[in-house]
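Each remark here refers to the structure printed beneath this line.
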Amino acid sequence: MAMSGRVVLERKTGRIKVMDTHQETQSIRFKITQKMQQAGIANSRIEAFLASVTQVASGDSGLIGEQDIEPAGDLIRLEDLESNETEDATLLNQLACIKLNGGLGTGMGLDQAKSLMPVKGEDTFLDFIARQALYLREKSGSDRPAFYLMNSFSTQDDTLNYLEKFPSLTNGDDRIDFLQGKVPKLDAQTLEPVQYDPNPELEWCPPGHGDLYASLQAENLLDSLLDRGIIYAFISNSDNLGATIHQGLLKYFAESGNAFMMEVARRTPSDKKGGHLAKRMADGRLILRESAQCPKEDIPSFQDTDRHRYFNTNNLWIRLDLLKQTLEKQQGVFPLPLIRNSKTVDPKDPGSQKVLQLESAMGAAIACFDQTCAIEVDRKRFSPVKTTSDLLNLRSDAYAITQDHRLVLSEERSGIPPLVQLDTDYFKTIDAFDQRFRNAVPSLVDCDALTIKGPVTFDEGVILRGKTRFENHSGKEQLVATGIYENTEKIWE
């Protein structure tokens, strides 16, 4: 690690300033290394984190200007492939399915793995994911595709205990998960690892899903998979039930010879603030540019969804043998762009010490491989549950369960989900959500848009059609009674 000086965060500008003090540089390195070694963290993870700290300490802004990129050109679409599905069991026997399962869903008031939240009846995300994997194993006639969760130290115990109900999920190495790393939170001014005596666990944070590559190495899983003849991996988020193994995509990826393939979807105005796919002019490689990497003067171009048309669904396909070669070439560390999160050491205490949490995104690795591609998919393969508004859609009859255990939009929806907007003051947490819909979830299969403001609950047998809106300003909870509400606006004063 070759930082050139003392790092401070300027209070007025929020910019990082580096000052020449070699002794302090070495002190930061020593303290980070010592803390991580004492926690039993592998040397490969420590080196990867020190490389991240080097980026910050050097003052590297990570900004990608519009003059340095050009829009990604027209892409092959999934629907245009000659065969959208195939029954090639050979490829399934060479595949590992990895689900990112490190999130707690704290934004919805959860204190356990988000994937354990019921999403349809009593079935959780993990129930759907497990049954999908077992269904494909019936087709392959073996214990393939291999199945793994990338858990965090916060989700591992709960999820492994839950999945004991699916004993046949085990793989050839008798494990079904590997552990995402943890990294120290850093003092926002000095970059030294923080110490928080009231709760030492809060001194640590997950490093983002870009840690996938270091985790595969540190957990000795990459070599294990290759030794068992598994050369492809499909990786997606556990809260995105649209991200299922598509055998047509697997076949296309296998025949392409690429090391890395990203599923992207068309950006709409609602996606304008999210990251996009682009091509780096310096070397012609595909890259991801997140909003935090965009200079202020380029924001209009960044948000132009006609210019930058594609966003990353975080459904990725990787050739594991080429991943190993690339990691060896990079000496085990991918130079992924950093996401710098300014927070407090105790998220619930805004007066606690200010810290930096350094994260990276796994999709950014598209720029690290020599051979990559992207393919445009329908948004049906991107249906994450980030809010209770998303959850209401999935729990309603707008989504149906298929024979192969997928949760998909009902045919009546013609590929377009209802637009649901729930008042975050009354529906943000899962407890508040379940209380409002304690009687039943309304029918949304014929609903175009639903907006709810204020404390509103629903009786059984409520059917919503067209555009419906309920606003309660009365100061007390109001009930939507059993019945059909079509293009209705109901306001309680």
- Would you mind computing, in nm to one decimal, how far apart the modelled labels at SER410 and ASP349 are, each placed 7 Å from Cα along Cα→Cβ? 4.9 nm
- Task: Putting +1 on Lys and Arg Cβ atoms and -1 on Asp and Glu Cβ atoms, find which of HIS473, PRO442, ILE452 reaches farthest to the positive end of the dipole of the stretch 388-492.
- Result: HIS473
- Structure shown: which of LYS99/LYS380; LYS273/LYS476; LYS296/LYS380; LYS99/LYS182; LYS31/LYS185; LYS182/LYS380 lie over 24 Å apart, alpha-carbon to alpha-carbon? LYS273/LYS476; LYS296/LYS380; LYS182/LYS380
- Item | Net charge over other residues, Cβ less than 14 angstrom from the Cβ of LYS428 (K, R count +1; D, E count -1) | -2
- Item | Residue-averaged 222 nm ellipticity for the chain, from DSSP H runs of 4+ at -39500 (n - 2.57), nearest 500 | -6500 deg cm²/dmol
- Note on the structure: Distance in Å, no decimals, from the C-alpha centre of the stretch 119-152 to the one of the stretch 278-322 is 31 Å
- Please give the peptides 244-257, 409-422 ranked by average Cβ packing (other Cβ atoms within 10 Å per residue), highest first, as a rough proxy for protection. 244-257, 409-422
- Note on the structure: Any residue on another chain or 5+ positions along whose placed amide H is under 5 Å from the amide H of VAL183 is listed here as CYS205
- Given unit charges at Cβ for Lys, Arg (+) and Asp, Glu (-), the dipole magnitude of the chain about its Cα centre in debye, nearest 20, is 1020 debye
- Quick one: length gained pulling LYS476 to ASP74 fully straight, 0.36 nm per residue minus the C-alpha distance? 139.4 nm
- Message: Suppose each label sits 7 Å from its Cα in the direction of the beta carbon; what would the ILE491-THR451 distance come out to in nanometres?
- Response: 1.1 nm
- Message: Quick query: amide H of ASN237 versus all other amide H atoms, modeled in the peptide plane; which residues come in under 5 Å with a sequence gap of 5 or more or a different chain?
- Response: LEU100
- Message: Show me, for the stretch 350-358, the HN-Hα J-couplings you get by feeding each phi into the Karplus relation (A = 6.51, B = -1.76, C = 1.60, θ = phi - 60°), rounded to Hz, glycine and proline as x.
- Response: x, x, 6, 4, 7, 9, 10, 10, 9
- Task: Compute the signed sum of charges (Lys and Arg +1, Asp and Glu -1) over the other residues within less than 14 Å, Cβ to Cβ, of ILE64.
- Result: -3
- Message: I'd like the Karplus ³J(HN,Hα) series for the stretch 460-470: coefficients 6.51, -1.76, 1.60, θ = phi - 60°, whole numbers in Hz, and an x wherever there's a Gly or Pro.
- Response: 5, x, 8, 10, 10, 9, x, 9, 10, 9, 10
- Item | Likely footprinting exposure, THR124, THR451, THR402, fewest C-beta neighbours within 10 Å first | THR402, THR451, THR124
- Query: If you stretched the chain out fully between ARG280 and ARG266, how much longer would it get, using 0.36 nm times the residue separation minus the C-alpha to C-alpha distance?
  - Reply: 3.1 nm
- Work through the residues other than LEU202 whose Cβ is under 12 Å from its Cβ and net out their charges, Lys, Arg +1 and Asp, Glu -1. -1
- Message: Classify the stretch 388-492 from the C-alpha gyration tensor, please: rounded if a/c falls under 1.5, else prolate or oblate depending on whether a/b exceeds b/c.
- Response: prolate
- Item | Phi-based couplings in Hz for the stretch 29-40 (Karplus 6.51, -1.76, 1.60; Gly and Pro marked x) | 4, 4, 5, 5, 4, 4, 5, 6, 5, 5, 8, x
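Quick note: the coordinates plus some simple rules give every number you see, no bench work behind them. Every value quoted in this text rests on a predicted model; they were computed, and no experiment measured them. Because the Cβ atoms are built from the backbone with ideal geometry, glycine has one as well, and the counts that use them run over all protein chains shown.
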